Amino acid sequence: MRVVLIRHSKTAGNLKGRYIGTTDEPLCEEGIRLLEGKNYPAAELVYVSPMKRCRETASLIYPTLTQREEPLLRECDFGDFENKNYLELNGNPDYQAWVDSGGTLPFPGGESREAFQERCREGFLKIMKEALTKKRETVAVVAHGGTLMSVLSAFAVPEKPFYDWQVKNGRGFLLEVPENFPEKRELTVLESL
């Protein structure tokens, strides 16, 4: 089976460099235009984070497919940093401590990276089990940058650390999923989108 992992297109918060996790923003005009004329691999089924930006991206890329929402794929809860950018957080001691930790400290009032990554992996395993059981050839997943980074850092070959899997809006990867997944937890990267 193959899986197409796609990060949602741009929102107004993305354009302003904000931490957009639980804020349920729609795509902005630039985000809609970004997807126009792009070709993505065909899929039989599309799984999405329940956030508007993911559902709208999936609708533009796969307009004829029914979306299957998976809440475990939603973006990280950035807590006190939610909907703020680094300029607005400059001078905030909690933010500086988070930056100094290399992003490993939990977000104040939000999720820890470990809890977020575990949630994303659990959601991905759940949808892969369903897709493999239904003998799908290709499925798509439209989610968030952090969600994709969590999945890829856990399962992709070649192995890379979490932050090395950053992907721009509207971009992603085509992966090969072994038949015995998740026993064999190796997703082979076939191409970047």
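The values are calculated or read from the model by the stated rules, or taken from the named source; none is laboratory data. Since we're looking at a predicted model, the values are computed, not measured. Ideal geometry is used to build each Cβ from the backbone, glycine not excepted, and the neighbour counts take in all protein chains shown. The area values use the complete protein model at the heavy-atom level, side chains included, leaving out ligands, DNA and RNA. Shrake-Rupley method; radii C 1.70, N 1.55, O 1.52, S 1.80 Å.
In the set ARG185, ARG171, only one residue is touching a helix residue (DSSP H, G or I) at 6+ places or on another chain (Cβ under 6 Å) and open to solvent by 80 Å² or more (accessible area, probe 1.4 Å); that residue is ARG185.
The set of residues in the range 13-70 being open to solvent by 30 Å² or more (accessible area, probe 1.4 Å) and of a type in the set (Phe, Trp, Tyr) consists of TYR19, TYR40. Note on the range 1-37: among residues that are farther than 22 Å from GLY146 by Cβ and in a loop (DSSP other than H, G, I, E, B), the one that is modelled with the lowest pLDDT is GLY37. Among the residues of the range 105-124, those that are within 24 Å of GLY172 (Cα to Cα) and open to solvent by 40 Å² or more (accessible area, probe 1.4 Å) comprise ARG113, GLU114, ALA115, GLU118, ARG121, GLU122. Of all the listed residues (VAL142, VAL151), the sole one being in contact with a His (Cβ under 7 Å, 6 or more places away or on another chain), of a type outside the set (Asp, Glu) and closer than 15 Å to TYR47 by Cβ is VAL142. In the range 63-91, the residues that are part of a loop (DSSP other than H, G, I, E, B) reach residues that are basic (Lys, Arg) and surrounded by fewer than 17 Cβ atoms within 10 Å (Cβ to Cβ) with C-beta atoms within less than 8 angstrom, at least six apart or across chains, in these pairs: GLU70/LYS126; ASN85/LYS16.
Could you say which residue among LEU73, LEU89 is over 18 Å from the mean Cα position of the chain (by Cα) and open to solvent by less than 80 Å² (accessible area, probe 1.4 Å)? From the options LEU73, LEU89, the qualifying one is LEU89. From the list ALA58, ALA43, the lone residue that is modelled with pLDDT of 95 or more, assigned to a loop (DSSP other than H, G, I, E, B) and in contact with a strand residue (DSSP E or B) (Cβ under 9 Å, 6 or more places away or on another chain) is ALA43. Considering PHE181, PHE124, the condition of being aromatic (Phe, Trp, Tyr), part of a helix (DSSP H, G or I) and touching a residue at least 24 places away in the same chain (Cβ under 8 Å) is satisfied by PHE124 alone. Of all residues in the range 155-168, those satisfying the criterion of being farther than 17 Å from ALA58 by Cα, open to solvent by 40 Å² or more (accessible area, probe 1.4 Å) and not acidic (Asp, Glu) are VAL157, PRO158, LYS160, PRO161, TYR163, GLN166.
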